[in-house]
Amino acid sequence: GQSLEQPSEVTAVEGAIVQINCTYQTSGFYGLSWYQQHDGGAPTFLSYNALDGLEETGRFSSFLSRSDSYGYLLLQELQMKDSASYFCAVRGLEGDKIIFGKGTRLHILP
Amino acid sequence: DAGITQSPRHKVTETGTPVTLRCHQTENHRYMYWYRQDPGHGLRLIHYSYGVKDTDKGEVSDGYSVSRSKTEDFLLTLESATSSQTSVYFCAISETGEGNTIYFGEGSWLTVV
């Protein structure tokens, strides 16, 4: 089957850097992606890694190590609007299912 | 924003009644998904579709059925609603070749009393 593990909560200070980790188990692998969800809203796509290494998109970066079945989302120069839940997701060889982790709630302190 | 519309957006229903949630897309994407979101459980896949009349089960499919008679519409039916099905339901769409990028609808809040 497929499963993902990520911390339930993370707290950081405005202006700082925070890393949200995700480990996964899947039969086959087509990539790891990250989504952001604000309270009361829908999840929105942030980034996607199919190959090992770092992908950078503005203040957000995402890293993947396929040999370790591990990835992380790095948020720099934190802003209060970054307070949200962040989900990692994988698609494996089990058909076209896209499975999500339980999410990490990011709290930002002023 | 991806053209995804969910209806109804909010519904209160009684235990034992049937309920159908509709997802309509204007993007002509091949894949459509239904997820439910509950505190402490994140997003869990209920059913998904990889084409017209082609559907498969997800992680939590018991008590739910789906149908896709047209590319643009994906229906989720609770045959006999139970209180455990009180949740927020999200429809999502994806196009082959875009990796894991999926686009979500705004959600449907369902309360079963």
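Note on chain B: Kirkwood radius taken over Cα pairs, Stokes-Einstein applied at 20 °C and 1.002 mPa s, translational D equal to 154 µm² s⁻¹. Reported to the nearest whole Å, the Cα centre-to-centre distance from segment A:36-73 to segment B:13-35 is 27. Structural descriptor for chain A: relative contact order 38 percent, calculated from alpha carbon pairs under 8 angstrom and at least 6 residues apart.
Based on the convex hull around the alpha carbon atoms, the protein assembly as shown presents an average projected area of 11.8 nm². Given +1 at the Cβ of Lys and Arg, -1 at the Cβ of Asp and Glu and no other charges, the dipole of segment B:1-103 around its Cα centre is 180 debye to the nearest 20.
Computed on chain B, with alpha-carbon pairs under 8 angstrom and 6+ residues apart, the relative contact order is 35 percent. Charging the Cβ of each Asp and Glu at -1 and of each Lys and Arg at +1, and nothing else, the dipole of segment A:1-109 about its Cα centre rounds to 180 debye.
Remark: segment A:24-31, residue by residue, has Karplus-estimated 3J(HN,Hα) of 9, 10, 7, 8, x, 7, 10, x Hz, where x stands for each Gly or Pro and the curve is 6.51 cos²θ - 1.76 cosθ + 1.60 at θ = phi - 60°. Per-residue shielding of B:34-43, expressed as the average number of other chain Cβ atoms within 10 Å of the residue Cβ, stands at 5.
Per the Debye calculation on chain A with a single equal scatterer at every Cα and no solvent contribution, log₁₀ I(q)/I(0) for q = 0.09, 0.10, 0.13, 0.20 Å⁻¹ amounts to -0.21, -0.26, -0.44, -1.01.
Judged by the ratio a/c of the largest to the smallest principal axis of the C-alpha gyration tensor, segment A:14-65 counts as oblate, that ratio being 1.5 or greater while a/b is no larger than b/c. Taking Cα centre as origin and charging only the Cβ of basic (Lys, Arg, +1) and acidic (Asp, Glu, -1) residues, the dipole magnitude of segment B:1-49 rounds to 60 debye. Which one, B:Val12, B:Phe90, B:Ser69, is farthest towards the positive end of the dipole of chain B when Lys and Arg carry +1 and Asp and Glu -1 on their Cβ? Sorting the options by dipole projection puts first B:Val12. Spatially close Lys pairs in the protein assembly as shown, defined by Cα atoms under 30 Å apart and a spacing of eight or more places or different chains, total 14.
We did not get these values from a lab; they are worked out from the coordinates using the rules stated. Given the structure is predicted, the values throughout are model-derived calculations rather than measurements. Neighbour counts are summed over all protein chains in view; Cβ atoms, including those assigned to glycine, are modelled from backbone coordinates with ideal geometry.
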